[in-house]
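Enquirer: Input: one structure, supplied below.
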Amino acid sequence: MTDVVALLLRRAGFGPTASELSAARQAGYPATLSALLSPAGPDVGATSAPVPVLARDPYAGQRDPTPEQKVAFERRREIETEQITRWWVDRMTVASHQAVEKLIFFWHGHWATSIKKVRSPQLMMVQHRTFRQSTDFVTMARQMVVDAALSLYLDGNRNTRRAPNENLARELFELFMLGIGHYTEKDVKEAGRALTGWRYSLAQERSIFNPAEHDPGSKTILGSTLDFTAATLIDLLLAQEACPRFIASRLWFRYGSSTRPLPEALRDKMVAAFPIPMAMLKVMFSDDAFHATNGEMVKQPIEWFIGALRQLGLRPAALPTETHDELLKILEDLGQLPFAPPNVGGWRSGGAWLTSAAAQVRLRLAGKIAERAAIDRLTPESLAYLLCVDAWSNRTYAVLRDAASDPRRLLTLGLVSPEYLVA
């Protein structure tokens, strides 16, 4: 029988500790679900990892920096990028409100924007605060359409009335709000016109509207004709029947199953809870269709990594800087470093993480984690408890039993076992 409490904690957050799982089982599923999605009071764990405050981007106000200045500016950006990446990994590990933190990471993958192109940590943190502060999708979408980092990432700064750029418009339809099949190429072109005139400002850390670069003419989008702007375009997309259905499917894909489709009955119930993401998740987590997905989700590298740190009592910020940086470099080698998704489609899912190359990298990272864990004695049984694994298969148990004389090797093998790689 599926341990639905364990399933809930693994999917809603980054992986429960043994004590959290024990307490949740005692509290029961309804109480645990409520506490996860409607946490009371401030996030006590996260108080030790407050959102960093960065100085102004070094390029802000600089019209023609010298080559020497550019080298210094780029180095400072690199340092600040490392700072915010270290911070977020630490925050995900120590946060008490795990479902809140997991949802923020979901939005980062949904509105995928990479620091590798944006370059400015300040603009990435402005976007991050939007994810952290938005409690409903309507508010988020209205802010994201003029988000400076997203606009820069999708070439919105090149979108003028004389030369419309369709990149942001296309992704609004396809990846962010409606999904494939709910728009035409003409809709994309017209939406591109609606989005003209916005430029990012490093000095003000936001997008600024220039009316002279905006196309004020009439546009026909999804059957509606209006002098559309960025704001009215978003309102039009939000009003489409496809929008809440698409968001429901994306939540299911990342939280429910990346292989089986979202059941229509559950989709309808999730749509009724739109635009509040936590309410949509509550509907999903309460449904039998979700409970039937145990063991069907392959953990993303960040889920696997953060879960292991939490269960072993390792805090990234407490590690030596060299060790912390080494772990993040290996995590990047696995293909999932916060603030750096590979493309606008976000990160991979499911079996795409289970390549032979990834297995070697994961084994190396597991070994580094095991080196830092405070363990003296360990058995396959106590390891299952520690890592919140329901049960080992006979094959895995035999491998772990043979390694029982070496606790760190046993832990390393447990961390890369099939049972630990799925949720």
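The values are calculated or read from the model by the stated rules, or taken from the named source; none is laboratory data. Quick caveat: nothing in here was measured; it's all calculated off a predicted structure. As a convention, Cβ positions derive from the backbone with ideal geometry for all residues, glycine included, and neighbour counts pool all protein chains shown. SASA here: full protein model, heavy atoms, side chains in, ligands and nucleic acids out. Shrake-Rupley method; radii C 1.70, N 1.55, O 1.52, S 1.80 Å.
Enquirer: For segment 178-327, rounded, prolate or oblate, judged on the Cα gyration tensor with a ≥ b ≥ c (square roots of eigenvalues), a/c < 1.5 rounded, else prolate if a/b > b/c?
Expert: On the way: a/c = 3.10, a/b = 1.38, b/c = 2.25.
The shape class here is oblate.
Enquirer: So if each residue of separation counts as 0.36 nm, and I subtract the Cα-Cα distance between residue 390 and residue 116, what length gain in nm does that give? Could the numbers behind the result be given before it?
Expert: Details: separation 274, 0.36 × 274 = 98.64 nm, distance 3.89 nm.
The span from residue 390 to residue 116 would gain 94.8 nm if fully extended.
Enquirer: Once the Cβ-Cβ distance between residue 291 and residue 226 is put in as r, and R0 is 41 Å, what FRET efficiency do you end up with, to the nearest 0.05? Please list the in-between numbers first.
Expert: Values: r = 45 Å, r/R0 = 1.09.
Calculated transfer efficiency: 0.35.
Enquirer: Is segment 66-183 best put as rounded, prolate or oblate by its Cα gyration tensor, with a ≥ b ≥ c the root eigenvalues, rounded for a/c under 1.5, and otherwise prolate when a/b is larger than b/c, oblate when not?
Expert: Details: a/c = 2.54, a/b = 1.06, b/c = 2.39.
Here segment 66-183 falls in the oblate category.
Enquirer: To the nearest 10 degrees, how steep is helix 98-110 against the longest Cα principal axis of the chain, on a 0 to 90 scale?
Expert: Taking Cα atoms only, the helix is inclined about 50 degrees.
Enquirer: Over what distance in Å are the Cα centres of segment 327-359 and segment 137-159 separated?
Expert: 24
Enquirer: Still on this structure, please answer the following. Give me P(r) over segment 151-219, computed from all C-alpha to C-alpha distances, binned every 10 Å, as integer percentages.
Expert: The calculated distribution, bin by bin, is 23, 49, 25, 3.
Enquirer: Please give, to one decimal in nm, the separation of the simple spin-label points placed at residue 371 and residue 133, each 7 Å out from Cα toward the Cβ.
Expert: Between residue 371 and residue 133, the label points sit 4.1 nm apart.
Enquirer: Along Cα→Cβ, 7 Å out, is where each label goes; now give me the distance between the ones at residue 53 and residue 79 in nm to one decimal.
Expert: Label at residue 53, label at residue 79, 1.9 nm between them.
Enquirer: Using the Cα centre of the chain as the reference point, and only Cβ charges (+1 on K/R, -1 on D/E), how large is the resulting charge dipole? Debye, rounded to the nearest 20.
Expert: On the way: 49 positive and 45 negative charges, 74 e Å.
Magnitude of the dipole: close to 360 debye.
Enquirer: Please give the contour-minus-distance gain from residue 272 to residue 43: 0.36 nm per residue of separation, less the Cα-Cα distance, rounded to one decimal in nm. Kindly include the intermediate steps, with their values, before the conclusion.
Expert: Working: separation 229, 0.36 × 229 = 82.44 nm, distance 2.86 nm.
Extra length available between residue 272 and residue 43 comes to 79.6 nm.
Enquirer: Still on this structure: Round to the nearest 10 and give me the degree value, 0 to 90, for the angle of helix 67-94's Cα axis relative to the longest principal axis of the chain.
Expert: The two axes meet at around 50 degrees.
Enquirer: How about segment 250-307: which GluC sites (Glu not before Pro) there lie in a loop by DSSP and see at most 16 other Cβ atoms within 10 Å?
Expert: Numbers: sites: 264, 296, 303; in loops: 296.
Here the sparse-neighbourhood loop sites are 296.
Enquirer: Kindly state, to the nearest 0.05, the FRET efficiency for residue 206 paired with residue 2, given R0 = 35 Å and r defined as their beta-carbon distance.
Expert: Working: r = 46 Å, r/R0 = 1.32.
The pair residue 206/residue 2 has a calculated efficiency of 0.15.
Enquirer: Would you mind checking the radius of gyration and Dmax of segment 30-88 based on alpha-carbon positions, in Å?
Expert: Taking only Cα atoms of segment 30-88, I get Rg and Dmax of 19.1, 61 Å.
Enquirer: Additional query: Under a straight-distance cross-link criterion of Cα-Cα below 12 Å, which aspartates and glutamates are reachable from residue 269, leaving out those fewer than 8 residues away in the same chain?
Expert: Within the straight-line cut-off, residue 269 pairs with 287.
Enquirer: In addition: What FRET efficiency, computed as 1/(1 + (r/R0)^6) with R0 = 30 Å and r the Cβ-Cβ distance, is obtained for residue 402 and residue 323, rounded to the nearest 0.05?
Expert: Efficiency for this residue pair is about 0.55.
Enquirer: At a threshold of 8 angstrom on Cα-Cα distance, excluding pairs fewer than six apart, so keeping six or more, what relative contact order does the chain reach in percent? All intermediate terms of the calculation are to be shown ahead of the outcome.
Expert: Working: 581 pairs, mean separation 79.8, N = 423.
With pairs under 8 Å counted, the relative contact order is 19 percent.
Enquirer: So what's the convex hull volume per residue for the Cα atoms of the chain, in Å³?
Expert: Details: hull volume 63.6 nm³, N = 423.
Spelled out: Cα convex hull of the chain, divided by residues, is 150 Å³.
Enquirer: Once the Cα atoms of helix 18-27 and of the chain are each reduced to a long axis, what angle between those two axes, in degrees from 0 to 90 to the nearest 10, is obtained?
Expert: Value to nearest ten degrees: 80.
Enquirer: Still on this structure: Mind checking which lysines have their Cα closer than 22 Å to the Cα of residue 219? Skip sequence neighbours fewer than 8 apart in that chain.
Expert: Straight-distance partners of residue 219: 186, 189.
Enquirer: Of the heavy-atom accessible surface of segment 299-417 (probe 1.4 angstrom), what whole percent is carbon and sulfur?
Expert: Values: 2720 of 5350 Å².
For segment 299-417, the apolar C and S fraction of the accessible surface comes to 51 percent.
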